[in-house]
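K.L.:
Pasting in a structure now, in structure tokens, and then I'll have a few things to ask.
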Amino acid sequence: MSVRARISGTGMYVPDRVVTNDDLTQWMDTSDEWIRQRSGIEERHWVEPGQVPSDLAEPAARAALDEAGLEADQIDCIVLATLSPEADFPGTSFFLQERLGGDVPCFDLRAQCSGFLFSLSVARSFVKSGQYKRVLVVGCEIHSTGIDISTEGRDVAVLFGDGAGAVVVEADDGTDDRSDILAVRMHAEGKYAKKLWIEAPGSGFQPTRITPELLEQKRHFPSMEGRQVFKHAVTRMPEVLMASLDEAGVKKDDVDWFFFHQANLRINEYVANALEIPANKTRNNIQRYGNCSAASIPMLLAEASRKGLLERGQLVSLTGFGSGFSWASATVRW
Ligand code: UT7
């Protein structure tokens, strides 16, 4: 009988500084009305000068460990998903590991807004194969230092927030006979890589990876074809969600919770409508946090857990879409 891989703890952390839609109008030509109507976002949290990603990842990780009833030294491996690493190398996971103590293997995984679900799949495989018993999975982003907050960059800048979320994936210890990550389906389509990307710094640039010209041309800021992203997201998310449920042998109507990546409230409403998912089976927090990429789904889980919404034995579906394009869906018996 294969080992079950259960999510035994969740945690999240956002920096204290709240930036409202009205606050953004001091830097760019935008409005609260435009942002709310198009995305559902009301405010987001941005770091203060001097804060680094591991400042966010550490409290999120400690909260997840705490909920799992574990000490940091009981973890066998750390997988950290991010598109906004603390340094070019090594990954943010190394800075986090140093703070948590110990010398367990750690690495960063880059699959943008799908990064948490891709990492969950890696952790699940580690646990099910018997290689590791307890894997800490973290999603962590600081977007605010990497966006163009002038009017030129407003289509992207208004969407993103900073934050971290974490879960512990553990081998079933015999006390629970059902909890398991039942399936994770992942997809990628690199032909759309440049529809949502940051070009520089890049190792292909000569003579150096970043130059005054690149900075002047703003090629170190994200660029996005928003409508393309929207169109693909609302097609791929329902597809992969249903494929993941099929693989897990689960019926849609038996799922207790559907949690979606928090890129745009309209995308999530569209997906929920397309699959006839009742509103009381979903939760969104993009209104307060914006899009935190790899951190969004674990942040949602941590909030749901703190509110007492998640009960052992429930079926939980997690689905995301992002740059790459990449998309994924996990079906979890909580
Ligand atoms: O994890 C994946 C991350 N990204 C996404 O999922 C994003 C998916 N895409 C979207 O959510 C939407 O495409 C956006 C919310 C980004 C944009 O909504 P849209 O309805 O596609 O707007 P648009 O880009 O077509 O722009 C409409 C208008 C334009 O003005 P004109 O040309 O009609 O005069 C823009 O210049 O809105 C303007 N605009 C803004 N106005 C005020 C663009 N950004 C802003 C802004 N404030 N922040």
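K.L.:
Around Pro90, with a cut-off of 15 angstrom between Cβ atoms, what is the net charge of the other residues, counting Lys and Arg +1 and Asp and Glu -1?
P.N.:
Local net charge: -3.
K.L.:
Subtracting the Cα-Cα distance from 0.36 nm times the residue separation, let me have the gained length for Glu48 to Ser150 in nm, one decimal. Could the numbers behind the result be given before it?
P.N.:
Values: separation 102, 0.36 × 102 = 36.72 nm, distance 1.88 nm.
Taking 0.36 nm per residue and subtracting the Cα distance, the gain is 34.8 nm.
K.L.:
Something else about it: In whole Hz and in residue order, list the ³J(HN,Hα) couplings for region 95-108 that follow from phi through the Karplus curve 6.51 cos²θ - 1.76 cosθ + 1.60, θ = phi - 60°; x for Gly and Pro.
P.N.:
5, 5, 4, 4, 5, 7, x, x, 9, 5, x, 8, 7, 9
K.L.:
Follow-up question, since we're still on this one. Looking at the chain as a GNM with Cα springs under 10 Å, which of Asn291, Asn264, Asn273 has the largest mean-square fluctuation?
P.N.:
Between Asn291, Asn264, Asn273, it is Asn273 that shows the largest mean-square fluctuation.
K.L.:
Note down the net charge around Leu80, summing +1 for each Lys or Arg and -1 for each Asp or Glu among other residues with Cβ under 13 Å from its Cβ.
P.N.:
Result for the neighbourhood of Leu80: -3.
K.L.:
Would you work out which of Val158, Ala81, Val168 lies farthest towards the positive end of the dipole of region 4-172? Charges go on Cβ: Lys and Arg +1, Asp and Glu -1.
P.N.:
Result: Val168.
K.L.:
Under the Karplus relation 6.51 cos²θ - 1.76 cosθ + 1.60, θ = phi - 60°, what is the ordered set of whole-Hz ³J(HN,Hα) values for region 35-41, x standing for Gly and Pro?
P.N.:
Residue by residue, region 35-41 yields 5, 4, 4, 7, 10, x, 6 Hz.
K.L.:
Another question about this same structure. Which lysines have a Cα lying under 19 Å from the Cα of Lys251, excluding residues fewer than 8 positions away in the same chain?
P.N.:
Filter leaves Lys281.
K.L.:
Net charge within 12 Å of Leu309 by Cβ-Cβ distance, Lys/Arg positive one each and Asp/Glu negative one each, not counting Leu309 itself? Spell out each step's value before the answer.
P.N.:
Details: positive: Lys281, Arg283, Arg306, Lys307; negative: Asp256, Glu303, Glu311.
Counting the neighbours of Leu309, the net charge comes to +1.
K.L.:
Can you compute the FRET efficiency between Ser223 and Gln131 using 1/(1 + (r/R0)^6), with r the Cβ-Cβ distance and R0 = 45 Å? Round to the nearest 0.05.
P.N.:
The formula returns an efficiency of 0.70 here.
K.L.:
Running a GNM on the chain with Cα contacts under 10 Å, which residue among Ser121, Ser305, Ser93 ends up with the highest mean-square fluctuation?
P.N.:
Ser305
K.L.:
Another question about this same structure. Using a cut-off of 19 Å between alpha-carbon atoms, which aspartates and glutamates can reach Lys307, once sequence neighbours fewer than 8 places away in the same chain are excluded?
P.N.:
Asp66, Glu67, Asp256
K.L.:
Please express the shape of the chain as an equivalent ellipsoid: the semi-axes are the square roots of 5 times the eigenvalues of the C-alpha gyration tensor, given largest first in whole angstrom.
P.N.:
Ellipsoid semi-axes (Å, largest first): 30, 23, 18.
K.L.:
What is the gain in length, in nm to one decimal, between Asp66 and Asp246 on full extension, counting 0.36 nm per residue of separation less the C-alpha to C-alpha distance? Please list the in-between numbers first.
P.N.:
Values: separation 180, 0.36 × 180 = 64.80 nm, distance 3.32 nm.
Result for the pair: 61.5 nm of gain on full extension.
K.L.:
I've got another one for you. Highest GNM mean-square fluctuation, the chain, Cα pairs closer than 10 Å: which of Leu245, Leu275, Leu196?
P.N.:
Per the Cα network of the chain with a 10 Å cutoff, Leu275 tops the list.
K.L.:
Oh, and also: What residue among Ala200, Leu309, Phe259 has its Cα farthest toward the positive end of the dipole of region 180-333, where the charges are +1 on Lys, Arg and -1 on Asp, Glu, each on the Cβ?
P.N.:
In region 180-333, that residue is Ala200.
K.L.:
Suppose each label sits 7 Å from its Cα in the direction of the beta carbon; what would the Asp22-Asp73 distance come out to in nanometres?
P.N.:
Modelled inter-label distance: 5.1 nm.
K.L.:
Still on this model: How many Å² of accessible area per residue for region 131-222, probe 1.4 Å? Spell out each step's value before the answer.
P.N.:
Working: 4540 Å² over 92 residues.
Computed with neighbouring chains in place, this is 49 Å² per residue.
K.L.:
Assuming R0 = 35 Å, what is the FRET efficiency of Ser31 and Ala188, from their Cβ-Cβ distance, to the nearest 0.05?
P.N.:
The pair Ser31/Ala188 has a calculated efficiency of 0.50.
K.L.:
Per-residue HN-Hα couplings for region 142-158, Karplus 6.51 cos²θ - 1.76 cosθ + 1.60 at θ = phi - 60°, whole Hz, x for Gly and Pro?
P.N.:
In residue order, the calculated couplings are 10, 8, 4, 8, x, 10, 8, 8, 8, 4, 4, x, 5, 4, 9, 4, 6 Hz.
K.L.:
Continuing with the same structure: For the chain, which whole-number percentage of the solvent-accessible area (1.4 Å probe, protein heavy atoms only) is attributable to carbon and sulfur atoms?
P.N.:
Answer for the chain: carbon and sulfur cover 47 percent of the accessible area.
K.L.:
Given the -39500 (n - 2.57) contribution per DSSP H run of 4+ residues, what per-residue ellipticity at 222 nm results for the chain, rounded to the nearest 500 deg cm²/dmol?
P.N.:
Taking each H run of at least 4 residues, the total per residue is -9500 deg cm²/dmol.
The values are calculated or read from the model by the stated rules, or taken from the named source; none is laboratory data. These figures come from a predicted structure and were not determined experimentally. Note that we place each Cβ from the backbone using ideal geometry, even for glycine, and neighbour counts take in every protein chain shown. For the accessible areas, the whole protein counts, side chains as well, though only heavy atoms, and no ligand, DNA or RNA atoms are used. Shrake-Rupley method; radii C 1.70, N 1.55, O 1.52, S 1.80 Å.
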